[in-house]
Amino acid sequence: MAAISCDAKPKNTSTSSAPSVVSTPALKSGPISQTNKFRSDFKKGISLGLFVSKKDDPVYEFSIYKKMLKEIADTGATHLSIPVRWIQKDVYQSEIFPSPETTVSDTMLISVMKEARTLGLKVFLMPFIHLKMRGNGMWRGTLEPKEREKWWLQYRKFIYHYANIAAENNVSMFSIGSELSSMRDPNEWEEIITETRKRLPKTQLTYSANWDRFETFSHWDKLDVIGISTYPPLSQIKNPTLKQVNAGWGQFKHRIRNLMRRVPAKRIIFTEAGYSASMNAAKTPWAHAKKGDEVDEELQALLYHSLLQTWSRPKYLDGMFIWNWFGPGGPDDNGFSPRGKKAETLLKDWY
């Protein structure tokens with residue numbers, strides 16, 4: 001099944017005011033055992049999309065990010081993922097470029113990274129391609145550029161631009177790509193890994209593979225950690241129980257264990273993991289809820305409970321990054337953000 005991934009998650013949305021965190025009741029599934037905590041070396045991460053649309057007002061833009069960074073730090077998170085986007089018009093084009101409406105400025109990005117470090121958060125920089133136009137079944141995992149060599153030239157320019165920024169700003173982890181399932185080309189990836197390693201000799205390198213195709217990436221042995229964008233379907237049942245959702249991880253865990261046999265020296269990190277507050281979140285975790293869809297905070301929190309409980313113990317898991325703190329949050333928001341929802345209370349309990 002092809003995932004919709006980041007392209008279907010929050011875009012250039014303006015946030016006029018960031019809601020304060022609200023206290024929420026315990027889950028129906030019961031309180032969480034205080035013994036079920038992560039290892040001390042576990043990367044407790046949260047992603048922050050720099051998606052404020054008022055980019056012509058940097059003071060306002062930074063004020064939103066600064067407030068959200070403080071909220072993220074207050075959860076107990078130790079790491080921050082920052083996704084950064086350049087544009088490709090459609091799956092067939094070969095041009096990749098920054099867009100004033102979509103791409104955060106380098107100056108703002110650097111300011112956010114500095115603020116994150118001030119709050120004690122280690123930074124994971126994750127560049128990804130944002131498709132401007134998508135037909136049915138088209139996303140960045142199905143790219144078919146007409147001029148493939150030109151596309152790779154453009155892509156290298158994109159990745160090296162952010163690798164240089166990462167080198168100058170003490171970034172702890174860097175992704176060379178995200179969910180580019182159709183762009184296999186082993187020699188191209190070899191060149192990108194080699195060159196990025198030269199620019200970032202002390203930074204952990206990863207690649208964010210999609211949950212349904214992470215076995216097909218050819219160069220896990222040359223990267224420091226295996227990255228997986230983690231959105232497998234967990235239940236087709238309406239209003240599933242925690243036990244039913246936990247059972248839904250079975251096939252995904254089996255595939256990961258098989259991969260670990262191939263590259264036993266590596267550890268895995270969930271570069272993205274999260275759920276919308278909508279009724280379909282267990283069936284299609286990758287999909288963004290539609291405007292007007294009913295809010296289901298309870299299911300979102302239940303799915304978080306399952307994610308955190310299921311993956312707190314495997315020693316091969318290096319950490320996870322919750323997608324995505326950006327968004328209005330609160331009990332009326334059916335989006336991915338856990339802000340001001342039951343999922344936030346749960347996350348704080350674990351982090």
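Read-outs throughout are calculated quantities, based only on the coordinates presented, and are distinct from any laboratory measurement. Everything quoted here is computed from the prediction, not taken from an experiment. Cβ atoms come from the backbone with ideal geometry, glycine included; neighbour counts cover every protein chain shown.
Comparing Cα centroids, segment 312-351 and segment 57-129 end up 18 angstrom apart. In terms of its C-alpha gyration tensor, the chain has a rounded overall shape, because the principal axis ratio a/c (a ≥ b ≥ c, square roots of the eigenvalues) stays below 1.5. Taking amide hydrogens as placed 1.01 Å from N in the peptide plane, the amide H of residue 319 sits under 5 Å from those of 43, 270, each at least 5 positions away in sequence or on another chain.
In order along segment 101-116, the Karplus-derived 3J(HN,Hα) couplings, from 6.51 cos²θ - 1.76 cosθ + 1.60 at θ = phi - 60°, round to 7, 10, 8, 5, 5, 4, 4, 5, 4, 5, 4, 5, 5, 5, 5, 4 Hz, and Gly and Pro are given as x. Computed over neighbours whose Cβ is under 15 Å from that of residue 119, the net charge equals +4, Lys and Arg +1, Asp and Glu -1.
Each helix, a run of at least 4 DSSP H residues, gives -39500 (n - 2.57); summed and divided by the residues of the chain, these come to -9500 deg cm²/dmol at 222 nm. Over the chain, with a Gaussian network built from C-alpha contacts below 10 Å, which listed residue (229, 81, 111) shows the highest mean-square fluctuation? Maximum fluctuation in the GNM of the chain, among the listed residues, is at 111.
Proximity of backbone amide H atoms, modeled 1.01 Å from N, is registered between residue 211 and 229, 231 at under 5 Å, excluding neighbours fewer than 5 places apart on the same chain. What the phi angles of segment 192-201 give under the Karplus curve with 6.51, -1.76 and 1.60, with θ = phi - 60°, is a coupling list of 5, 5, 4, 6, 5, 4, 5, 7, 10, x Hz, glycine and proline written as x. Give me the net charge for the shell around residue 328: Cβ to Cβ below 12 angstrom, other residues only, Lys and Arg +1, Asp and Glu -1. Here the charged neighbours net out to 0. Rounded to the nearest Hz, the phi-derived 3J(HN,Hα) couplings of segment 282-297 under the Karplus curve 6.51 cos²θ - 1.76 cosθ + 1.60 (θ = phi - 60°) are 6, 6, 9, x, 6, 8, 7, 5, 7, 4, x, 4, 4, 7, 10, 4, where x marks glycine and proline. By the count of other C-beta atoms within 10 Å, a proxy for reagent exposure, 260, 113 are ordered fewest to most as 260, 113. Of 307, 256, 232, which is farthest along the charge dipole of the chain in the positive direction, counting Lys and Arg as +1 and Asp and Glu as -1 at C-beta? In the chain, that residue is 256. Note on the chain: with charges restricted to the Cβ of Lys and Arg (+1) and Asp and Glu (-1), its dipole about the Cα centre is near 900 debye. DSSP finds beta bridges in the chain, and of those with both partners inside it, around 5 percent are antiparallel. Of the trypsin sites (Lys or Arg not before Pro) in segment 47-135, the ones in a loop by DSSP (not H, G, I, E or B) with at most 16 other beta carbons within 10 Å are 54, 89, 132, 134.
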